[in-house]
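The values are calculated or read from the model by the stated rules, or taken from the named source; none is laboratory data. Being a predicted model, the structure only gives us computed values, none of them experimental. As a convention, Cβ positions derive from the backbone with ideal geometry for all residues, glycine included, and neighbour counts pool all protein chains shown. SASA here: full protein model, heavy atoms, side chains in, ligands and nucleic acids out. Shrake-Rupley method; radii C 1.70, N 1.55, O 1.52, S 1.80 Å.
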Amino acid sequence: MNEIILHHYPPSPVSEKVRVALGIKRLAWRSVEIPRLPPKPDVMPLTGGYRRTPVMQIGADIYCDSQCILRELQRRHPEPTFFPGGADGVPWGLNRWADTLFDLAVRLSLGANADQLPEDFAADRLRLFIGPEGDLKKLKADLPHVVAQLRAQFGWFEQRLATGRKFMLGEQASLPDAVGYYLVWFVRARWQGGPAFLSEFPALEAWEQRVKAIGHGSPAPMSSTEAIEIARSNEPATPEQGDAHDPQKLEPGAKVSVVPDLDSGEPPVYGTVRLVDRDRIAILRQDPRVGTVCVHFPRVGYRVAEA
């Protein structure tokens, strides 16, 4: 079963990054809409407790974090490439830098909308993104600083595009376009002052429309029940693989836990190492509803420990 299944919800900004990437590659995929807040009863059996959005499923292999999802899309579907001209190293660094911009955009959205956010949503996102001491009043007071930080860095995008490039790397859309677009999309949609803020960057706004026109590929709806049945009726396709140079000396068969390397209050995911290399770790785990699945995580941004 090689069908791409994306577990997401329409307003999810990181999902928009992946949806644009699917559009760049002109891929068909199945869309499973999931809740914005835990509990996520049809997601947790697949991931083992990982609750962030989106999650990609291919058979009984489950991919967590957009970094991991995008790498797998490029591996399975190398053309159209995310790296026209062979620029396949630096864009991953750009993707990681965009994580810091997203953190600023989240602070902007929470602070600017502090007075109208539903209490349960605000509490969840504060703990997840800001930490145990997250405070909406402090975020609201800090808005001028946050906007100044975003303005300077959006200016870097503007400088890049003002040279006449159609897309970030030239004439062909690439990974940096998906990475940059979801930030602009988020700021425009979640902040009342977003349109006025973005109007300072005409080249960026023109590029925004070009990326928007790419679309999201060819999605078709799927129920969460069907996705779980697909996982249950398949076996993970990930081969066993070790890494002789792994600094943590992780080996296939070792019992480990994996958790975002943040003070976000998220539970670790437990399993047995199936594959480990410089960029990723994949662990086997079992669940009564889905059977045996292989859950994939990036190494960057995640803490792996012996269980």
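Annotations
- None of 303, 289, 299 is crowded, with 17+ Cβ neighbours inside 10 Å, charged (D, E, K, R) and in contact (Cβ under 8 Å) with a residue 12 or more places away in the chain except 299.
- Look at the stretch 199-224: where a residue is in contact (Cβ under 8 Å) with a residue 24 or more places away in the chain and under 18 Å from residue 31 (Cα atoms) and a partner is exposed (fewer than 13 other Cβ atoms within 10 Å of the Cβ) and of a type outside the set (Ser, Thr, Tyr), sitting 6+ places away or on another chain with Cβ atoms under 6 Å, you get 218/28.
- For the stretch 272-284, the set of residues classified as in contact (Cβ under 8 Å) with a residue 40 or more places away in the chain, of a type outside the set (Asp, Glu) and open to solvent by 10 Å² or more (accessible area, probe 1.4 Å) consists of 280, 284, listed by residue number.
- For the stretch 140-199, the tally of residues that are open to solvent by less than 50 Å² (accessible area, probe 1.4 Å), farther than 30 Å from residue 78 by Cβ and assigned to a helix (DSSP H, G or I) stands at 12.
- Residue count for the stretch 236-257 satisfying the condition of being in contact with a strand residue (DSSP E or B) (Cβ under 7 Å, 6 or more places away or on another chain) and either of a type in the set (Lys, Arg) or within 18 Å of residue 47 (Cα to Cα) (or both): 6.
- Residue check, residue 206 among the hydrophobic types (A, V, I, L, M, F, W, C), out of contact with any strand residue (DSSP E or B) (no Cβ under 7 Å at 6 or more places or on another chain) and not in a loop (DSSP other than H, G, I, E, B): yes
- Filter result for residue 240 (open to solvent by 70 Å² or more (accessible area, probe 1.4 Å), of a type in the set (Asp, Glu), free of Cβ contacts under 8 Å to residues at least 40 places away in the same chain and within 22 Å of residue 75 (Cα to Cα)): yes
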